[in-house]
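Have a look at the structure below before the remarks.
The values are calculated or read from the model by the stated rules, or taken from the named source; none is laboratory data. Note that the structure is predicted; figures quoted are calculated from it, not measured. Here the Cβ positions follow ideal geometry from the backbone for every residue, glycine too, while neighbour counts run over all protein chains shown. All accessible areas refer to the heavy atoms of the entire protein, side chains included, with ligands and DNA or RNA removed. Shrake-Rupley method; radii C 1.70, N 1.55, O 1.52, S 1.80 Å.
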Amino acid sequence: MKQLFLSLIFIVLLTTAHAQQKQEVSDRFLKPYARYMQIDFSAGTNLDMISEQDTRAGSSLLSARSSGSAPFVKATFSHFPLRRAGWYGSFQINFYDEENTGLVKSGLIEEAMTALLKGMTGPLTSMHASYDLGVIYRIEHSRWRLHPKAGLGQFGYLMKKEGYKANNEWRLTYTQKAEPLCLNLGVSGSYFISRRVYLASEVQYQKPLQESKAEVLYSTGNTETSKVSRRISTAGRCVNIGVGLGVLISE
């Protein structure tokens, strides 16, 4: 009987200690599903998922990424006004160079196109920006947060190019546009190391909703002699994987 009594006391003390410890953790960190705003900064890898078919189809006219994976930096602002939902906005810069188009091999057109592109691009910039805005679903605990999200945005997959070259006999015009509207689906995770500071991670899939295109128009006098165009649907399809650090800016 005495041993049973001592065992009950031990269980009560252990339960009380655990409850106090849990309360201390709860008091030290922001309560789950509270209203707050946060901003985080992350870096990671952007994985290009353009289809091989589109790569082959566009190679004669469109520029191409120099590599299938590229580093990026990103800033994301999130606001949680509702218990189970919130919204976010993000801005991302991807770093990669573009390889010039193979062009259409047809004598004078090829020479003119080579000169035109060289004059248009000059030193290639490696910065390609994207942004998106969307909604968040909240799954939260005392120290960690899991946020599935969906949004719409725009991705500057390739540089926008518009220009022409001409003389007294002919005129050649070239345009390239690869800045599609995209659907973004992903999930972000946060682990709080203090009441206001957290470790951030995110995986995001990006699907283009618009085609990218390039066009060459060659004319002599006022007559259009030839026109070549390419359209591809998967330019801008990619996966972003990043980690970083964030802070609560309001609670």
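Looking for something open to solvent by 80 Å² or more (accessible area, probe 1.4 Å) and either out of contact with any helix residue (DSSP H, G or I) (no Cβ under 6 Å at 6 or more places or on another chain) or of a type in the set (S, T, N, Q) (or both) - is there at least one such residue anywhere in region 197-204? Scanning region 197-204, I find at least one residue that is open to solvent by 80 Å² or more (accessible area, probe 1.4 Å) and either out of contact with any helix residue (DSSP H, G or I) (no Cβ under 6 Å at 6 or more places or on another chain) or of a type in the set (S, T, N, Q) (or both), so the answer is yes. Restricting attention to region 144-180, the residues being in a strand (DSSP E or B), open to solvent by 70 Å² or more (accessible area, probe 1.4 Å) and under 28 Å from A214 (Cβ atoms) number 6. Evaluate the following for K118: is it open to solvent by 40 Å² or more (accessible area, probe 1.4 Å), at pLDDT below 95 and not polar (S, T, N, Q)? Yes, satisfied. Looking at region 30-71 only, could you name the residues that are in a helix (DSSP H, G or I) and polar (S, T, N, Q)? Selection gives Q53, T55.
If you go through region 128-143 one residue at a time, do you hit one that is open to solvent by less than 70 Å² (accessible area, probe 1.4 Å), closer than 25 Å to S66 by Cα and at pLDDT below 90? Yes, region 128-143 contains at least one residue that is open to solvent by less than 70 Å² (accessible area, probe 1.4 Å), closer than 25 Å to S66 by Cα and at pLDDT below 90.
Say we look at region 230-241 and pick out the residues that are out of contact with any helix residue (DSSP H, G or I) (no Cβ under 6 Å at 6 or more places or on another chain), outside any loop (DSSP other than H, G, I, E, B) and open to solvent by 10 Å² or more (accessible area, probe 1.4 Å); which of these is farthest from L185 (Cα to Cα)? Taking the candidates together, the pick is R231.
Rundown of residues vs (1) touching a residue at least 60 places away in the same chain (Cβ under 8 Å); (2) assigned to a loop (DSSP other than H, G, I, E, B), yes/no style:
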{"residue": "L183", "(1), (2)": "no, no"}
{"residue": "G186", "(1), (2)": "no, no"}
{"residue": "G189", "(1), (2)": "no, no"}
{"residue": "L199", "(1), (2)": "no, no"}
{"residue": "V203", "(1), (2)": "no, no"}
{"residue": "K207", "(1), (2)": "no, no"}
{"residue": "Q210", "(1), (2)": "no, yes"}
{"residue": "V216", "(1), (2)": "yes, no"}
{"residue": "V228", "(1), (2)": "yes, no"}
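Taken over region 208-230, the criterion of being of a type in the set (D, E, K, R) and out of contact with any Gly (no Cβ under 8 Å at 6 or more places or on another chain) is satisfied by E211, K213, E215, E224, K227. For region 205-226, the candidate set comprises residues that are open to solvent by less than 50 Å² (accessible area, probe 1.4 Å) and modelled with pLDDT of 95 or more; within that set, the residue that is nearest to the chain's Cα centre (by Cα) is Q206. All conditions but one from (1) modelled with pLDDT of 65 or more; (2) in contact with a Gly (Cβ under 8 Å, 6 or more places away or on another chain); (3) over 30 Å from I249 (Cβ atoms) apply to S60; the one that does not is (1). Would you point out the residue of region 70-101, among those that are open to solvent by 40 Å² or more (accessible area, probe 1.4 Å) and within 25 Å of R171 (Cα to Cα), that is modelled with the highest pLDDT? Residue satisfying both the conditions and the ranking: E99.
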